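Written out below as structure tokens is the structure these notes cover.
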């Protein structure tokens, strides 16, 4: 029997339980299950972990429910700047893009950076030019327009404030998306994608496209995709820290994730979560917020999506 596993997230923090309607909850769970199934089916078909995480994240990028791709939030200039990354645990090859506009699926562009260029990280206009050369699917600004996202921006437009996707002070939390997977060949991979934060200025970039901070994969340890307050995840080098704890201290995936999210991240004031997987197919969904949009599925029959802690 093939040993395959996949986990996904759609952001940490979530809509407060008190304001979550049954219809909203069903919509999110359906979207999560769809992404989970697409990624898992790729693994069933014998595709690689890299293929699976790319496909799962692409599905979430295509949904207006999540802050990535189509559902990306507005910047201070009323535009959309998206970030994404992907990493192959077998080769340690990686690709990432930041501050890109008009690209339908930034995670696919990240894959192309990894596979078709000599670089790891491309940004802004250069990344967009590379997307055109690679014949990536592009969309005009109307494609990325969402009325709810627009209203979120209007609340902050013209101020120096910005809104984290999972800010507990406001309703309507939407976050970074990501996936981690183990394929039948024993290899793992991770991918992460985001639209950043509402009303962000100065070309701000969070942890999502940064290898080692918001995304990391290494067959010797684990694959990790993060979501939360990006500045803190960058300072704590969260994704790589989980891997380091496993490599240098020899502790389990579960213990490493708990140490980083519940202790090290909290110690510096960071909130959010992560999903992680190891070569045995063990999955950890760790977060220190009220909830995290998440799902997991494996060849032993596990297949579930969830939002809150209980």
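Quick note: the coordinates plus some simple rules give every number you see, no bench work behind them. Computed from a prediction, not measured in an experiment: that's the story for all the values here. Don't worry about glycine lacking a Cβ; one is built from the backbone with ideal geometry, like all the others, and counts go over all protein chains shown.
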Please compute the volume of the convex hull spanned by the alpha-carbon atoms of the chain and report it per residue in Å³. 120 Å³
In a solvent-free Debye calculation with one equal scatterer on each Cα, what is log10 I(q)/I(0) for the range 211-277 at q = 0.16, 0.26 Å⁻¹, listed in the order of the q values? -0.41, -1.10
Rounded to the nearest 5, what % of DSSP beta bridges with both residues in the range 71-162 are antiparallel? 65 percent
With springs only between Cα atoms under 10 Å, which of 104, 70, 125 fluctuates most in a Gaussian network model of the chain? 125
Selected from 63, 72, 243 as most flexible by GNM, with the chain as the system and alpha-carbon contacts under 10 Å: 63
I'd like the antiparallel share, as a percent to the nearest 5, of DSSP beta bridges with both residues in the chain. 95 percent
Kindly state, to the nearest 0.05, the FRET efficiency for residue 27 paired with residue 248, given R0 = 41 Å and r defined as their beta-carbon distance. 0.45
Most fluctuating residue given options 300, 67, 34, as computed from a GNM of the chain linking Cα atoms under 10 Å: 300
Point-to-point label distance, residue 134-residue 2, nm (Cα→Cβ direction, 7 Å offset): 2.5 nm
